[in-house]
Amino acid sequence: MEKMWSGRFSASASNLLDQFNASIMYDRKLYREDIEGSQAHAKMLAKQGILTQDELEQILEGLNQVKQEIESGSFEWKISDEDLHMGIEKRLTQLIGDAGKKLHTARSRNDQVAVDFRRYVLRKNLEISQAIKALMEVVLEVANKHTQTLIPGMTHLQHAQPINFGFHLGAYLSMFKRDIERFESSYKRNNISPLGCAALAGTPHNVDREYSAQLLGFDSVSVNCLDTVSDRDFALEILFNISTMMMHISRLSEELVMWSSYEFGFVELSDEYSTGSSIMPQKKNPDVPELLRGKTGRVYGSLMGLLTVMKGLPLAYNKDTQEDKEGVFDAVETAEISLEILKEAIKTMQVKAQNMEKACAIGHLSATDLADYLVEKCNIPFREAHFITGHAVAKGEELGVDLSKMDFKYLKEIDERIDEDVMEFLQLRHSMNARTSEGGTATTRTKEQLEYIQNYLQENK
Ligand code: ARG
């Protein structure tokens, strides 16, 4: 089978080489970007007088036909064509003859693949941002319902201070907002056209790079061709953006797994998004958050993979770079389904507010409030107040009662400066609502934070 590049070869490529060398079985995902890129390139060539108007029309028409063939499934993807660029160009030439052979003037597959892949990645940065917003809407709705629901705030996975569940979910909303900002800033930074860089050094043809860039929706034209054809920073960025987003999803998933255990009992995932056991009939397993946690590892793998592919490459294009695509496709598709299923799982889960509140009555969650009381009301230095509170906690342990339920007389015994009004300070809801500093958990502050997110989503639809 004759290759497009076979002019200097006397023997044809082995099947084994074809299999090893080809990217066509996966880079075909870029067919839309490739066809649009070729159409823009052809328009630019015609504007510059390099193609005639007639040739341009044949090329545009022919490429549309190729696109239809791909979309209807009649296009024949052949490993011997190596990649989608050559597969499409070959078919175009079969369809329209000589004009097709002129399309590759002032272009190389090196800038061609850089255009296609970059545009795919740019688009996905925006699509994933939108999907995060949809998830945030759902999380926000649950959060808004639970700004009064107490839940133990933890550090070291130990009960620390009472917070409300809306505040807890608000933490994830802040993370997701940063994730969106990362995708959007990658989009802005990388919206630069490689087209016209040709193989590595530019081209002697009188091209108008600004024009083709504009046709493709790029903001500007790349500065240095040698850099442009070998740069895969944009791909690394989306892998990092997805990895960080998945890390956030994984942390939330880990909490969902814990919360849906008997030990916590804070949420119940809906039947639709839970699975059973093949042997234990009573089981209801949180496979969704577990898989989200697991898939995070796989996404990190793609990031590490591409970083490693790139690290030793001399300028400019090297075939190693062809290994950039599968990991990105996989990470993007993993991100898309992960966002969708997490959204549904949260939308349909049941929040067991009573159990959350019950859990707050264990572990002396208002101990810090006693120390704060001693500082504020009794003018005791915090270190000393901390020490006195430690005694109170020890007494509670001895009696088997939480600080918030302890009889006042025991507190008075520990330090006689303590007055009866302390009892109010030790109430868990009081403790939560006392944290009114900016960004704090008090219901008033939580509502402010959720409103901020709501406004952000409203203004960034
Ligand atoms: N299939 C190749 C890739 O994905 C396209 C670029 C090939 N360029 C070349 N000079 N062999 O990287």
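What follows is calculated from the coordinates using simple rules that are stated; it is not laboratory data. What you see is a predicted model, and the numbers here were worked out from it, not measured in a lab. Neighbour counts run over all protein chains shown; Cβ positions are idealised from the backbone, glycine included.
For residue 341 and residue 171, calculate 0.36 nm times their separation in residues minus their Cα-Cα distance, and state this gained length in nm to one decimal.
59.2 nm
Subtracting the Cα-Cα distance of residue 409 and residue 160 from their residue separation scaled by 0.36 nm leaves 87.2 nm. Between residue 10 and residue 254, the modelled label-to-label distance comes to 6.3 nm, taking each label 7 Å out from Cα in the direction of the beta carbon. Unpaired cysteine residues in the chain (no second Cys Cβ under 4.7 Å): 360, 378. Shape descriptor for region 104-194: Rg over Rh equals 1.28 (Cα atoms; Rh from the Kirkwood inverse mean 1/r). For residue 284, a cut-off of 20 angstrom between C-alpha atoms picks up these aspartates and glutamates, skipping any fewer than 8 places away in its own chain: 254, 255, 263, 268, 271, 272, 344. The lysines whose alpha-carbon is closer than 24 Å to the alpha-carbon of residue 412, local same-chain residues fewer than 8 away aside, are 377, 395. Only helices enter the 222 nm calculation for the chain: every DSSP H run of n ≥ 4 contributes -39,500 (n - 2.57), and dividing by all residues gives -20500 deg cm²/dmol, rounded to 500.
Compute the helix-to-body angle for 287-310: its Cα long axis versus the longest principal axis of the chain, expressed 0 to 90° and rounded to tens. The two axes meet at around 50 degrees. Using C-alpha pairs below 8 Å separated by at least 6 residues, the relative contact order for the chain is 16 percent. Going by neighbour counts of Cβ atoms within 10 Å, the residues 461, 295, 124 line up, fewest first, as 461, 295, 124. When the alpha carbon gyration tensor of region 207-329 is reduced to an equivalent ellipsoid, the three semi-axes, largest first, read 44, 16, 12 Å. Please work out the Cα convex hull volume for the chain and give it in Å³ per residue. Normalising the Cα hull of the chain by residue number yields 201 Å³. The long axis of helix 443-459 is offset from the longest Cα principal axis of the chain by roughly 10 degrees.
Going down the list 29/343; 145/409; 67/347, which pairs span over 32 Å between their C-alpha atoms?
Over 32 Å apart, Cα to Cα: 145/409; 67/347.
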